[in-house]
1. Quick one: grab the alpha carbon gyration tensor of segment 139-259, order the square roots of its eigenvalues as a ≥ b ≥ c, and give me rounded if a/c is under 1.5, else prolate or oblate depending on whether a/b is larger than b/c.
2. Hey, what did segment 139-259 get for relative contact order, percent, Cα under 8 Å, at least 6 apart?
3. Using the Cα centre as the reference, give the magnitude of the dipole from point charges on the C-beta atoms of segment 139-259 (Lys, Arg: +1; Asp, Glu: -1; all else neutral), rounded to the nearest 20 debye.
4. Once you charge only the Cβ atoms, +1 for Lys and Arg and -1 for Asp and Glu, what is the size of the charge dipole of segment 188-256 about its Cα centre, to the nearest 20 debye?
5. Between residue 214 and residue 46, what is the label-to-label distance in nm when each label sits 7 Å out along the Cα-to-Cβ direction?
6. What order do 91, 241 take when sorted by accessible area (1.4 Å probe), most exposed first?
7. From the protein chains alone at 1.4 Å, what is the descending order of accessible area for 93, 46, 160, largest first?
8. As a test question: what accessible area, to the nearest 10 Å², does residue 188 have when a 1.4 Å probe is rolled over all protein chains in place?
Amino acid sequence: MLVNGSKEDVEQAVRVLEGINDLVEENPHAQAIRYVIDRWAHEYPKVVSLDELASEWRFTINMDKVIEYLESEGILPSRASEAAAPSFDLMSKLLQMFPSQKEFYTRIVKAVTGLAVARYLTDPHNRRLRMIYATLQAISAHLSEGDREPVHEIKGYSCKICGKTFSSFTEAKSHVQHEHDFEVEDEESAIEEILGRKLGEWVRLSFFCEKASLYGVSDFHKYLRYMLTKGALIPQEEDVMIKRRGGEEYIAVDEAWIRVRERMRMLERQLIRSRRAV
Ligand SMILES: [Zn+2]
């Protein structure tokens, strides 16, 4: 899709991959991968010297490991086959397609990093990346289920009886108790939330449990806290937002992650289709 699709397909793929890049920006593995791709792209069509790269290396992860990985994924040309045929690696292709677009060039670096990292996610030794992977898979399970209940910003509360509005639930409740004492049995049923913009969607907590255990995330609470700091979950008083409905627990997942995951699924389906076509 990145190299065979229409301009619009390419744009979309780049956007998704940039999204993944941004999600894992602070990860030291992702930074090392991006550094190699960035240096390589800057030198293109000259070949970046490995000695030079090694002398500037400031990451804890082994440089050769990163380069071998990028070669094995077909993202950078393989040094072993260099003499044999012109290379068909992804980076050369993209840079040939968009030789003079400066802004797009920066995006390509980010996008290819996103792609490299997305594949790297399956490496069982990267604990943090496993958490991100588990999250993406939990959201994917949610999208397959099709039960898409939105999470809205709550702008206030209104009294269903007289229509008066309040900024907090406590104020609204006390209003109902004191003003409409004789008319209501249950104060909560007389209070309506005033909804603002859509923030995300309610996702079954069991999807997160299931995927976390599947991908070897040991401390579930710590995992949710980490995803909260990454903006994947919607915060509520510095903790994750959970609600119970019909014996099931739901967690509030940020809109951006839902959208990125939707686009990724579309991309995955197109990749699978084009692989079958080959
Ligand atoms: Zn009232």
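The values are calculated or read from the model by the stated rules, or taken from the named source; none is laboratory data. If you're wondering where the values come from, they're calculated on a predicted model, not measured in any experiment. Cβ coordinates were reconstructed from backbone atoms using ideal geometry, including for glycine residues, and neighbour counts include every protein chain displayed. Just so you know, the surface numbers come from the protein's heavy atoms only, side chains and all, with ligands and any DNA or RNA stripped out. Shrake-Rupley method; radii C 1.70, N 1.55, O 1.52, S 1.80 Å.
1. Values: a/c = 2.46, a/b = 2.41, b/c = 1.02.
The shape class here is prolate.
2. 26
3. Details: 16 positive and 24 negative charges, 143 e Å.
Charge dipole of segment 139-259: 680 debye, to the nearest 20.
4. Working: 10 positive and 13 negative charges, 57 e Å.
For this selection, approximately 280 debye.
5. It works out to 4.8 nm between the two label points.
6. Details: 91 0, 241 35 Å².
The ordering from most to least exposed comes out as 241, 91.
7. Numbers: 93 75, 46 140, 160 120 Å².
Largest accessible area first, the residues go 46, 160, 93.
8. Accessible surface of residue 188 is approximately 100 Å².
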